[in-house]
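Novice: Please find one structure pasted underneath; my questions will follow.
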Amino acid sequence: MNTFGNGPFGSKLNIEAQVTNGVCPTCKMEGVFVSLTPQVYRCMTCGSDCKQHINGKINYLPVFTKPSELNTDGPKT
């Protein structure tokens, strides 16, 4: 764990990265998953974001399964 900060702008910022192995449900390849949050892991082979589910064995499921689940109502430029 690395600690950054301790200055006049606030408290320390703790950064912990988790690195795991698994089979990506998007590219179907065995690869490395990296996560900075406990909920979402990113496949380092194809770049897709996945959630980790543990039910006796570790599975990775895509965060967005359909393009319709994406929020496209952002600000217009």
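The values are calculated or read from the model by the stated rules, or taken from the named source; none is laboratory data. As the structure is a computational prediction, the values presented were derived from the model and not from experiment. Cβ atoms come from the backbone with ideal geometry, glycine included; neighbour counts cover every protein chain shown.
Novice: Between 50, 27, which is at pLDDT 70 or above, not polar (S, T, N, Q) and not in a loop (DSSP other than H, G, I, E, B)?
Specialist: Values: 27 fails: not in a loop (DSSP other than H, G, I, E, B).
Of 50, 27, the one residue that is at pLDDT 70 or above, not polar (S, T, N, Q) and not in a loop (DSSP other than H, G, I, E, B) is 50.
Novice: Select from region 11-24 the residues that are small (Gly, Ala, Ser) and either part of a loop (DSSP other than H, G, I, E, B) or modelled with pLDDT under 85 (or both) and write down the one among them that is farthest from residue 62 (Cα to Cα).
Specialist: 11
Novice: Being over 12 Å from residue 26 (Cβ atoms) and either at pLDDT 75 or above or in a strand (DSSP E or B) (or both) is the filter here, so list the residues in region 56-77 that pass it. Walk me through it before giving the result.
Specialist: Filtering region 56-77 for residues over 12 Å from residue 26 (Cβ atoms) gives 56-59, 66-77.
Selection gives 58, 59.
Novice: Looking at region 14-30, I want the residues that are β-branched (Val, Ile, Thr) and have a partner that is in a loop (DSSP other than H, G, I, E, B) with Cβ atoms under 6 Å, at least 6 apart or on another chain. Which pairs are those?
Specialist: 26/46; 26/48
Novice: Does region 39-57 hold any residues that are surrounded by fewer than 12 Cβ atoms within 10 Å (Cβ to Cβ) and either more than 8 Å from the chain's Cα centre (by Cα) or free of Cβ contacts under 8 Å to residues at least 12 places away in the same chain (or both), and which are they?
Specialist: Residues of region 39-57 that are surrounded by fewer than 12 Cβ atoms within 10 Å (Cβ to Cβ), as a first pass: 39, 47, 53-57.
Hits for region 39-57 are 47, 53, 54, 55, 56, 57.
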